[in-house]
Amino acid sequence: MGTGRTPGVPRNAAAARDAVVRLLQERFCGLGGEGPADVVVADALLVTSELVTNAVRHGGGLTGFTTEITDEGLLLTVSDASTQPPVTTERDPSVAPVGGYGWPLVHRLAKRVSVTYLPDGKHIVALVALT
């Protein structure tokens, strides 16, 4: 019986975070403490969680996920099945709403964020500096 998932695509945000941790460990293992600071890793994992969770909850499902370390940092590409842009909700400061903080948080923590629209969905690419 099939899982309904695309091979290589994490099943949830926790699995995506695990993939990022593995990549960082492989890249920086054995460098004598020369890896990114804990707060930088936490930022990268938070961006990963937000993008994957948004793809699952609002984007019609996660259809692709890749990670790469470049000279500029961690490059995350998250694809989903929606052609709709991510939404930033206007807030009434007197009300404490649930949710709606992910997209602004991704922009705050990432060095660069871009969205590419496709006929069957979109790719969101976020670059998180590792220094």
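Laboratory data are not the source of any read-out in this text; all were calculated from the coordinates shown. Note that the coordinates shown come from a computational prediction; the quantities given were computed from them, not determined experimentally. Note: ideal-geometry Cβ built from the backbone for every residue, glycine included; neighbour counts use all protein chains shown.
Below, the figures for the structure above:
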quantity	calculated
Distance-filtered residues of the range 105-131 - backbone nitrogen under 16 Å, label point 7 angstrom along Thr77 Cα→Cβ	113-128
Label point distance in nm, His58-Val115, each placed 7 Å from Cα along Cα→Cβ	0.8 nm
Virtual spin-label span in nm between Glu26 and His107, 7 Å along Cα→Cβ	3.3 nm
